[in-house]
Amino acid sequence: MADEQVVIDAMINGEKFKAEKQSPRENPAHPEEVVGYAPINTREDTVRAIEAAHNAFPSWAESSLDDRIRRMRSAIQNIKHRTSEIAKLLSREHGKPLYDSEGEIAVSLMWMEYACDNVAEVLKSDVQEHDSGRTIIAKDAIGVVSAISPWNYPISLSTIKIAPALLAGNTMVLKPSPLAPLAVSLVTEMIAEEFPPGVLNLVHGEADVGVELTSNPKVAKIAFTGGTETAKHIMKAAADTIKHMTLELGGNDAAIILSDFDVNDEKAMRRLVISNFLTAGQICMIAKRIYVDRSIHDEFVEKYIEAANRWIRVGDPFNEQTTIGPVNNKKQVEFVQSLVDDAKTKGARVVKLGKILDQDLYEKGYFMQPTVVIGANYDDPIVVEEQFGPTVPILPFNDDRHAIDLANDSIFGLTSSVWGEEKHAVKVARHIQAGTTMINTAAIQGLDVRFPFGGVKQSGMGREYGKEGLLAYTDTHVINIPDDKELPYIPE
Ligand code: NAD
């Protein structure tokens, strides 16, 4: 498997479909290596996939829930058995270390199992006998769902949509990102094979495919994870046909380090470093700005650098020593570097972190040595923009109110974290505008598939994971059977 090229096709109505054009996917650690090819589908291909999902919907929505759960559990078993093969492919095309790819698959499976275990309770009709009759509050499937996923966690951010949508009786067309299209396609095919033709379809391509998926009148819901700017286009495209939407968008998550945080707590420092640099910082919910109480700022910076130097080892995703692999693509390297350079020009101190395991490889691939930026201005781009890469600014605050104001002074509100004595931290957390706030941990370390995840402000709308993440693929249908069928105040 290790060096084979993987060729992926679209899947429309249960059949593989060869597109006329394909795009190569390079290995970010060894850019000269083509890992595989994904199709570049056209708008016409996309229309066919939507038609297939539309035609499959009525009978799928009527199918028994037990049958749907059985099919999904069978897909889970198949993916489990092929975890190692899928993880290797993901690391080759994405650049994330093998442990990180395996972790992504494990979280995906955990969620799919949670969805199977809990969907019956969520879909159950609520039947109410009351003083004026009987009311059934049912949960219906919505229809065809267009799912669009990003490159950073392609498998988990696709299965997060596929499992609840299909279990609730919807059909779907999924479009992964061209920047990590291969492993997610393998997983999607494995799921699609367990379901009737047309229930789960797969297309690939660029924005034109996305535009069809988000504007076609036969699509009832959009489930999108990606950037906030892309979401603005999607909302406009979907406006004409008023589609349901779940939007999981960008973040610029603040980590607030309170005066009573113990800077000598090595485990806590390691957790913080990981929550800044896991997956080379390419996570929506990673801590992207650190605000530290001024009274401990200098000591914190010193200990933080020590902890980062202990954990960070930049190298090949398949080297067991590696904790951080390359950045996924060259454009992202250039963007993150431009933010760091800008801060430096304006007087900030930039400290390189960790070890480079193989200097030759580092020069050739899309690697970036992680950095911490000290003394940036509060309104520098490195602080106010989502970096989505291996760098983080540390800035001081004067008191808790100041920290809360700094954290909230953002268009984003995905996650956040507060570090210090627990009661104190919870008190501060209550004032932060975010979908999730974690105490003494952050990012993926504090994620739990049983609880709803999503953002406030321009970080999105709706929730994935938890029971809300299942409900998001249903619509409420009230069947009212009143005793008295006439309205008393309408004249004869
Ligand atoms: P992106 O917005 O560039 O792309 C996401 C997807 O949208 C891709 O599949 C892309 O091909 C597609 N797309 C592009 N233009 C489109 C259009 N006009 N219509 C429809 N689809 C279109 O995002 P990305 O660079 O792949 O991912 C990084 C971003 O995703 C970051 O901002 C990150 O914070 C965010 N993200 C959010 C979450 C979350 O759960 N909130 C999770 C992961 C990533």
Positive end of the charge dipole of the chain (Lys, Arg +1 and Asp, Glu -1 on Cβ, about the Cα centre): tell me which of 442, 461, 375 has its Cα farthest that way.
375
Just the number, please: Stokes-Einstein D of the stretch 358-421 in µm²/s, Kirkwood Rh from C-alpha pairs, 20 °C, 1.002 mPa s.
151
Radius ratio Rg over Rh of the stretch 386-448, counting only Cα atoms, Kirkwood formula for Rh
0.94
Using a Förster radius of 25 Å, what is the FRET efficiency between residue 264 and residue 355 based on their Cβ-Cβ separation? Nearest 0.05, please.
0.65
Based on Cα coordinates alone, diagonalise the gyration tensor for the chain, multiply each eigenvalue by 5, take square roots, and list the semi-axes in whole Å, largest first.
40, 30, 19
For residue 201, the residues 5 or more places away or on another chain with a placed amide H closer than 5 Å to its own amide H are 172, 173, 174
Across the stretch 404-492, what fraction of all alpha-carbon pairs, as a whole percent, falls in each successive 10 Å bin from zero upward?
15, 33, 22, 10, 11, 9, 2, 0
Take every Cα pair under 8 Å in the stretch 254-446 that's 6+ residues apart, average their separations, divide by the length, and report that relative contact order as a whole percent.
30
Accessible surface of residue 233 - all protein chains present, 1.4 Å probe, nearest 10 Å²:
130
Can you pick out the pairs among 21/218; 124/288; 139/288; 232/467; 221/457 whose Cα atoms lie more than 31 Å from each other?
124/288; 139/288
Please report the orientation-averaged projected area of the stretch 58-156, defined via the convex hull of its C-alpha atoms, in nm².
8.6
Given backbone amide H placed at 1.01 Å from N, residues whose amide H is under 5 Å from that of residue 6, ignoring those fewer than 5 places away on the same chain, are 36, 37
Mean shadow area of the stretch 1-93 over all directions, Cα convex hull, nm²
7.6
Residue-wise HN-Hα coupling along the stretch 79-96, computed from phi with Karplus coefficients 6.51, -1.76, 1.60 (Hz; x: Gly, Pro)
5, 3, 5, 10, 3, 5, 5, 5, 4, 5, 5, 4, 5, 5, 8, 9, x, 6
When all protein chains stay in place, what accessible area (Å², nearest 10, 1.4 Å probe) is found for residue 431?
100
In whole Hz, the Karplus estimates of ³J(HN,Hα) for the stretch 136-150 (6.51, -1.76, 1.60; θ = phi - 60°; x where Gly or Pro) are 10, 9, 9, 10, 9, 5, 8, x, 7, 9, 8, 10, 10, 10, x
Sort 59, 259 by heavy-atom solvent-accessible area, probe 1.4 angstrom, most to least.
59, 259
Antiparallel bridges, percent of DSSP beta bridges restricted to the chain (to nearest 5)
45
Amide H contacts under 5 Å for residue 260, placed H, 5+ residues apart:
421
The distance between the Cα centres of the stretch 1-62 and the stretch 156-171, in whole Å, is 18
Apply 1/(1 + (r/R0)^6) to the Cβ-Cβ distance of residue 445 and residue 483, taking R0 = 45 Å, and write down the FRET efficiency to the nearest 0.05.
0.25
What does a probe at residue 318 reach in the stretch 182-219, counting residues whose amide N is under 19 Å from the point 7 Å along Cα→Cβ?
182-184
Debye sum, Cα scatterers, the stretch 158-268, no solvent: what log₁₀ I/I(0) at q = 0.13 1/Å?
-0.59
Return the distance in nm (one decimal) between the two label points of a simple spin-label model at residue 77 and residue 409, each offset 7 Å from Cα along Cα→Cβ.
5.7
Given +1 on the Cβ of Lys and Arg, -1 on the Cβ of Asp and Glu, and no further charges, what dipole in debye does the chain carry about its Cα centre, rounded to the nearest 20?
360
Between residue 490 and residue 330, what FRET efficiency comes out of the Förster formula 1/(1 + (r/R0)^6) with R0 = 41 Å and r the beta carbon distance, rounded to 0.05?
0.05
Computed Rg/Rh for the stretch 254-446 (Cα atoms; Rh = Kirkwood radius) stands at 0.95
The size of the Cβ-based charge dipole (Lys, Arg +1; Asp, Glu -1) of the stretch 119-250 about the Cα centre, to the nearest 20 debye, is 200
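The values are calculated or read from the model by the stated rules, or taken from the named source; none is laboratory data. Owing to the predicted nature of the structure, the values given are computational and were not obtained by experimental measurement. Cβ sites come from the backbone with ideal geometry, for glycine too, and all protein chains shown count toward neighbours. Side chains included, ligands, DNA and RNA excluded: accessible areas come from the protein's heavy atoms. Shrake-Rupley method; radii C 1.70, N 1.55, O 1.52, S 1.80 Å.
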